[in-house]
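Chemist: Starting off with a structure, shown below.
The values are calculated or read from the model by the stated rules, or taken from the named source; none is laboratory data. Since we're looking at a predicted model, the values are computed, not measured. Cβ placement follows ideal geometry from the backbone for every residue including glycine, while neighbour counts extend to all protein chains displayed.
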Amino acid sequence: MENRIDVVKNKKNILSVYFTAGYPSLNDTETIIKLLEENGADMIEVGIPFSDPTADGPTIQESTNKAIENGMSLQLLFNQLKSLRQYSNIPILLMGYFNVIYQFGVENFIENCKKTGIDGTIIPDLPLNEYNKDYKRLFEENNIYNIFFISPETNIDRIKEIDNASKGFIYVLSASQTTGKNISESKSIETYLTHLKSLNLSNPFLVGFGISNKQSFDYVCQYANGAIIGSAFVKAIAKGNLEESIKNFVNNIKKV
C-alpha cells in the first residue's frame, strides 16, 4: 500500500501543521485533524506530549504541559485515532521523543501506528545510526517513514547519509534553535536553502522552526517543497473556537 506522504511530498507549497495531542482540551485531537484537512492543510504532525521537550520553545512546552495535565498519554492518543482512516485521508505523522516511545515499546508503537493508519514519525532524539542499526527494518516492514532533521550545521556527507536513509521527506531546520522563534529573511538563510536545493537530494525537503505566517511560508517555499508550522498554530487554537480559528489560520497561510 502506498504511503500517503508519497502522494503529497512532491507538490509545491506543502503546508504541514503541528499540534500537540490533548491540547487545548483532551478530546480535541480528532476535531483538529478533521478541520485542518477540511480547510486545506496538506499534512499533519500530531505531537506526543512529553515532560521534557528539549527542542521545543515556550509555546509548545506550555501546550505539552497542559496536555499532560489534561490526561493525554500515548495509549490514549492511539485510542483516539482508532477510527482515523474512516474520516481522513491526509498524511499524518506522530512527532515525539524517543523516551516515550521506548517506554511504550517500540514494536508496540509501530504496530499501533500501522493499525491506526499513521504514515510517519518524527523523533528528534533518535540518532540516525541507532535507527539504522536497531529499528529501520521494523519501520520499513510496516511502511512507516521516519523523518530526519538537518540543520545549518549539518555537513554535506551527513546530509547525503540522511538523504540515503530517508523516505518521504527531510525536515530542514531553518536555524539551530528551539521552536517558536520567527525566521528572518536573511542572506544566510537564503544561501543555506539555495545550497540544499543545489544538492539535488533524492528526497524533497520541508522547512520548519520559525515559520509563522504567510510571509515566512511563501519565503521558504521559494527554496523548499513546503513548510511546517507549529508554534503559531498552537497559539491560534489556544484562543478557543477551533472551527473558526483553524479556518482562519489555514486560509491566511494558503491564500493566493
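Chemist: Give the residues of the range 1-30 that are more than 19 Å from Ile170 (Cβ to Cβ), under 17 Å from the mean Cα position of the chain (by Cα) and charged (D, E, K, R), sorted by residue number.
Modeler: Within the range 1-30, just Glu30 meets the criteria.
Chemist: Restricting to the range 14-39, and then to whatever is more than 17 Å from Gly71 (Cβ to Cβ) and charged (D, E, K, R), can you tell me which residue is surrounded by the fewest Cβ atoms within 10 Å (Cβ to Cβ)?
Modeler: Among them, the one singled out is Glu38.
Chemist: Further question: Which one of these is surrounded by fewer than 20 Cβ atoms within 10 Å (Cβ to Cβ) and under 25 Å from Lys167 (Cβ atoms): Glu69, Glu62, Glu2?
Modeler: Glu2
Chemist: Can you tell me how many residues in the range 209-256 are aliphatic (A, V, I, L, M) and part of a loop (DSSP other than H, G, I, E, B)?
Modeler: Counting residues in the range 209-256 that are aliphatic (A, V, I, L, M) and part of a loop (DSSP other than H, G, I, E, B) gives 3.
Chemist: Further question on the same structure: Just for the range 168-192: of the residues that are modelled with pLDDT under 95 and within 15 Å of Ile156 (Cβ to Cβ), which one is surrounded by the fewest Cβ atoms within 10 Å (Cβ to Cβ)?
Modeler: That would be Thr191.
Chemist: Taking the range 233-256, which residues are of a type in the set (A, V, I, L, M) and closer than 11 Å to Phe19 by Cβ?
Modeler: The answer is Val234, Ala236, Ile237, Ala238, Leu242, Ile246.
Chemist: Sticking with this one: Give the residues of the range 29-76 that are among the acidic types (Asp, Glu) and either touching a Cys at 6+ places or on another chain (Cβ under 8 Å) or at pLDDT 95 or above (or both), sorted by residue number.
Modeler: Hits for the range 29-76 are Glu30, Glu37, Glu38, Asp42, Glu45, Glu69.
Chemist: Could we say that Leu81 is within 17 Å of the chain's Cα centre (by Cα) and under 27 Å from Ile150 (Cα atoms) here?
Modeler: Taking the combined requirement at face value, the residue does not satisfy it.
Chemist: While we're here: If you check Tyr87 against the conditions, is it without any contact (Cβ under 8 Å) to a residue 40 or more places away in the chain, over 20 Å from Gly230 (Cβ atoms) and surrounded by fewer than 23 Cβ atoms within 10 Å (Cβ to Cβ)?
Modeler: It is false that Tyr87 is without any contact (Cβ under 8 Å) to a residue 40 or more places away in the chain, over 20 Å from Gly230 (Cβ atoms) and surrounded by fewer than 23 Cβ atoms within 10 Å (Cβ to Cβ).
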